[in-house]
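The values are calculated or read from the model by the stated rules, or taken from the named source; none is laboratory data. For clarity, every value in this text was computed on a predicted model and none was experimentally measured. Glycine also receives a Cβ, built like all others from the backbone with ideal geometry; neighbour counts cover every protein chain displayed. All accessible areas refer to the heavy atoms of the entire protein, side chains included, with ligands and DNA or RNA removed. Shrake-Rupley method; radii C 1.70, N 1.55, O 1.52, S 1.80 Å.
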Amino acid sequence: MLKKGDKVGIVCCSNAMNKEYDVSGLVDKLISVGLIPVLSEFIYMNDNGLYPDKENRAGELNRFCADDSVKAIFDISGGDMANEILELIDYEIIKKTDKLFFGYSDLTVIINAIYSLTYKPSVLYQVRNLIYKDEIKQTEDFINSMFYKKNDLFDFEYDFIRGNNMEGVVLGGNIRCLLKLAGTKYFPDFKNKILLLEGYRGQIPQLVTYFSHLKQLNIFGMVNGIILGTFSEMEDNGINPKTEQLILSYIPEHLPICITKEIGHRPTSKAIIIGKYLKLYRDE
């Protein structure tokens, strides 16, 4: 995907960082692995605590997409505001480029919108994992995958809890943020796809809402299978029934499901390419 000396763009398309966040640690890490980070002018909230406006956030993404010297774009934000810029993204530029957009959480909306309007893949991954508590393993996997075409960052362990296999293009991501696209042109076609779902905040009432919404949209009736990643608040609080048990009331009886602890909001989380064809099988 990349080579040493490549420039990579760093953007915040969702909530900007507050002034207390020091981006220099990530910058130093990217430099240490051989990349040249180029920062958006709108990483931070301003001195009055206000967020950069949507035109500026989208403008920086478009600028990096159009800049041939920038070989990948990493969004380091999350939160709530990414869908505000969807109508300002230049999807025609994205259609013409092979560079990948990386982001997680609220960036689910941009990742799935890119696929919906361009059929281009993006990567559900938070590059700040490179400086969190699992940084040694994350950095090793990142280097091997970005520079040496290995799959270390993308190979995740999973277990089937129903069925034996599933295949299709993977769509989805953060469940709350994905549903913000429902009813818009940015919501992708889920027919014969694999649906990936994970979450950060949210307990049983929130998951009931999300699963009911997906059922009412007939998404569960369209897809070839479901991958359940981590649901942090549910798991951290030991809430029962577990997510994989709760979802059974909302999906067709035949639908395959697998679970993984390696995709989601954890600092140990791996990456998954949204918009890529994937085959998963039960180990015999």
Query raised in the report: Charges only on Cβ, +1 for Lys and Arg, -1 for Asp and Glu: so what's the dipole of the range 126-284 about the Cα centre, in debye to the nearest 20?
Result: 620
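Local charge sum around Gly34 (other residues, Cβ-Cβ under 13 Å, Lys/Arg +1, Asp/Glu -1)? Working shown, then result.
Values: positive: Lys3, Lys4, Lys7, Lys29, Lys71; negative: Asp6, Asp28.
That works out to +3.
Before rounding to the nearest 500, sum -39500 (n - 2.57) across all DSSP H runs of length at least 4 in the chain and divide by the residue total; then give [θ] at 222 nm in deg cm²/dmol. List each step's numbers first, then the result.
On the way: 10 runs with 82 residues, N = 284.
The helix contribution divided over the chain gives -8000 deg cm²/dmol.
Treating the beta-carbon of each Lys and Arg as +1 and of each Asp and Glu as -1, no other charges, what is the dipole magnitude of the chain about its Cα centre, to the nearest 20 debye?
It comes to approximately 600 debye.
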Query raised in the report: Among Thr108, Gly163, Ser122, which residue has its Cα positioned farthest towards the positive end of the charge dipole of the range 73-212, with +1 placed on the Cβ of Lys and Arg, -1 on the Cβ of Asp and Glu, and the dipole taken about the Cα centre?
Result: Gly163
**Report entry** Alpha carbon centroid spacing (whole Å) that separates the range 101-167 from the range 69-93
**Finding:** 17
Query raised in the report: Efficiency by 1/(1 + (r/R0)^6): what FRET value for Lys133 and Asn240, r their Cβ-Cβ distance, R0 = 22 Å, to the nearest 0.05?
Result: 0.20
**Report entry** Cleavage-rule hits (GluC sites (Glu not before Pro)) in the range 64-173: DSSP loop, at most 15 neighbouring Cβ within 10 angstrom
**Finding:** Glu157
Query raised in the report: Can you list the trypsin sites (Lys or Arg not before Pro) in the range 123-158 that are in a DSSP coil and have 15 or fewer other beta carbons within 10 angstrom?
Result: Lys133, Lys149, Lys150
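Taking 2.2 N^0.38 Å as the expected size of a compact globular protein, what ratio does the Cα radius of gyration of the range 179-232 give against it, to two decimals? Numbers along the way, then the final one.
On the way: Rg = 11.3 Å, N = 54, 2.2 N^0.38 = 10.0 Å.
Ratio of Rg to 2.2 N^0.38 Å for the range 179-232: 1.13.
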Query raised in the report: Once amide H atoms are placed 1.01 Å from N in the peptide plane, what residues at a sequence separation of 5 or more from Gly225, or on another chain, have their amide H within under 5 Å of its amide H?
Result: Leu195
**Report entry** When the range 154-284 is reduced to its Cα atoms, the Kirkwood hydrodynamic radius in Å
**Finding:** 14.7
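Considering just Cα atoms, how many Å³ per residue does the convex hull of the range 1-59 enclose? The partial results should precede the final answer.
Values: hull volume 4.9 nm³, N = 59.
Taking the convex hull of the Cα positions in the range 1-59, it is 83 Å³ per residue.
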Requested in this report: Roll a 1.4 Å probe over the protein chains and send me the accessible area per residue for the chain in Å².
Outcome: 45
Query raised in the report: Label points 7 Å out from Cα along the Cβ direction at Arg162 and Gln203: separation in nm?
Result: 2.5
